[in-house]
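My questions all concern the structure below.
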Amino acid sequence: MTKKRKTLSTTHFIMLSFIAVIIIGSFLLVLPISSADGNSVSYIDALFTATTATCVTGLVTLPTVSTWSVFGQAVILCLIQLGGLGVVTVMSGVMVALHKKMGISDRLLIQDAFNLNTLSGMTNFVKKVITGTFIVEGIGALFYMTVFIPEFGLKGIWISVFTAVSAFCNAGIDIIGTVSLCDYATNPVINIVTCSLVILGGIGYIVWWDIIRVIRESGKKKGNPLKRLTLHSKIALTTTAVLLFGGAILFLIFEFDNSETIAELSLFDKLQVCFFQSMTTRTAGFATLPQENLSEPSALVSLFLMFIGGSPVGTAGGIKTVTATVLFAAAYSAIKNKNEVSMFSRTVSKQAVSKAIGVVCMSFTIMFVSSVLLAAVTDAPALDILYETVSATATVGLTRNLTPSLNLLGKLVIIASMYLG
């Protein structure tokens, strides 16, 4: 009898590739050259940083700006870009650049990584993803330079590039200071550029191409162009808009008179700070408000928004907007005793509903177990622990100032949560 050859499934390959990148990144970050003072950081902190960068989370145990040298920051930036684009996408992009033909296994990997329904046009898809990413990040960096170069000089170029990549990839890691973007809470340029990059990254590449297709067809076809969008794009765009503006309104209501957040700001500044808070909970991780100063209602709203996250086939985390909407639609249909789930006059397949239920149950389980474990090894308020674990699992990167004080076991819990998320 001949033994059957065991091959890795595409899912296992993607999981292992992320582990490999994290381990390589951690070894690079533990080198003395990666440290700002020339002394190696502890391996657990290097591993934590490599994980948060590759998983584009944003939680950090050490201040990025003061802990890491330019080399170390460059390693972190590469990990963020790898995590945002996806290891499989980068590997495929290298193959395309070297003019190597993609085999069926390569196409299956891309299909699984981006949750696509077809194997055709993979080479073109990878090209568009990588090109589109670099163009958007480049434009974002140029706009950031108008603020950071006057403030930091030539160093502002590096800060602008780093921040643009981190924002588009929804990583939330910065090299500006130790308080994220709190010093720029009322700066319209920083608010607009960061929100635009985060939303574009989180909305998903499929929605990009669908909108471009509709715009190109607008001169040839009559009627409402929005109706020509695919069901996926309609759900993603509608849900994103509802969560962004709905969240901003709730934050404005709950924080309006909070002296520790926005009470002293003008109405315009309150509006932009509240919109930024609503946006950043969609897995961006940047903060213009100290999260520990938020009122409890605002913190609970943030947890809800973090849990949902961004849209599929993008750089955001969470259970995803489409998943959440499909689940709510299924619940509504069950209440109405309907046999089919429909949205925008289209029927949602039972497979999509089953997948949504599976994703939500798995995510909730990971968050619950992580919260229990972190509570067992950390002496912190329940809300702060829940905020930390939801933020880690949904790869958000917001914290109520708990991350820097985590002990060894706490760091291991969050590392596992970020990876599984």
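Go through the stretch 249-282 and count every residue that is under 19 Å from the mean Cα position of the chain (by Cα) and under 21 Å from F328 (Cα atoms).
Residues flagged as under 19 Å from the mean Cα position of the chain (by Cα) and under 21 Å from F328 (Cα atoms) within the stretch 249-282 amount to 3.
Further question: In the stretch 37-49, what count of residues is obtained for those that are aliphatic (A, V, I, L, M) and either surrounded by fewer than 17 Cβ atoms within 10 Å (Cβ to Cβ) or more than 20 Å from V70 (Cβ to Cβ) (or both)?
Here is the first cut: in the stretch 37-49, the ones aliphatic (A, V, I, L, M) are 41, 44, 46-47.
Restricting the remaining residues to those that are either surrounded by fewer than 17 Cβ atoms within 10 Å (Cβ to Cβ) or more than 20 Å from V70 (Cβ to Cβ) (or both) gives 44, 47.
Residues meeting the conditions: 2.
Another question, if that's okay. Which residue out of T315, T323 is open to solvent by less than 40 Å² (accessible area, probe 1.4 Å), in a helix (DSSP H, G or I) and within 24 Å of M279 (Cα to Cα)?
Going through T315, T323 in turn, the sole match is T323.
In addition: Pull out all pairs, ordered by first then second residue, where Cβ-Cβ is under 8 Å, the residues are six or more apart or on different chains, the first lies in the stretch 247-273 and is over 18 Å from D183 (Cα atoms), and the second is basic (K, R) and open to solvent by less than 40 Å² (accessible area, probe 1.4 Å).
L252/K270; E255/K270; F256/K270
Which residues, taken from the stretch 283-312, are of a type in the set (G, A, S), outside any loop (DSSP other than H, G, I, E, B) and buried (at least 21 other Cβ atoms within 10 Å of the Cβ)?
Passing the criteria: S298, S302.
Then there is this: Can you confirm whether S363 is surrounded by fewer than 19 Cβ atoms within 10 Å (Cβ to Cβ) and of a type in the set (S, T, Y)? Let's see the steps before the verdict.
Working: surrounded by fewer than 19 Cβ atoms within 10 Å (Cβ to Cβ): no; of a type in the set (S, T, Y): yes.
Judged against the criteria, S363 is not a match.
Still on this structure, please answer the following. Which one is farthest from T239 (Cα to Cα), of the residues in the stretch 329-340 that are among the hydrophobic types (A, V, I, L, M, F, W, C) and surrounded by 13 or more Cβ atoms within 10 Å (Cβ to Cβ)?
A330
In addition: I need a count of the residues in the stretch 110-154 that are modelled with pLDDT of 75 or more, over 16 Å from G84 (Cβ atoms), of a type in the set (D, E, K, R) and surrounded by 13 or more Cβ atoms within 10 Å (Cβ to Cβ).
Residues meeting the conditions: 1.
Residue-by-condition table, conditions (1) closer than 26 Å to D183 by Cβ; (2) acidic (D, E); (3) in contact with a helix residue (DSSP H, G or I) (Cβ under 8 Å, 6 or more places away or on another chain):
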site: T288; (1), (2), (3): yes, no, yes
site: V322; (1), (2), (3): no, no, yes
site: D379; (1), (2), (3): no, yes, no
site: A394; (1), (2), (3): yes, no, yes
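For the stretch 348-355, state whether one or more residues are open to solvent by 30 Å² or more (accessible area, probe 1.4 Å) and assigned to a loop (DSSP other than H, G, I, E, B).
Yes, there is a match, as at least one residue in the stretch 348-355 is open to solvent by 30 Å² or more (accessible area, probe 1.4 Å) and assigned to a loop (DSSP other than H, G, I, E, B).
Taking the stretch 155-175 as the search range and keeping residues that are in contact with a helix residue (DSSP H, G or I) (Cβ under 6 Å, 6 or more places away or on another chain) and of a type in the set (V, I, T), which one is most open to solvent (accessible area, probe 1.4 Å)?
Per the criteria, the residue is V161.
The values are calculated or read from the model by the stated rules, or taken from the named source; none is laboratory data. Quick caveat, the model's predicted, so the values are computed rather than measured. Don't worry about glycine lacking a Cβ; one is built from the backbone with ideal geometry, like all the others, and counts go over all protein chains shown. We work out accessible area using only protein heavy atoms, side chains counted, and drop any ligands, DNA or RNA first. Shrake-Rupley method; radii C 1.70, N 1.55, O 1.52, S 1.80 Å.
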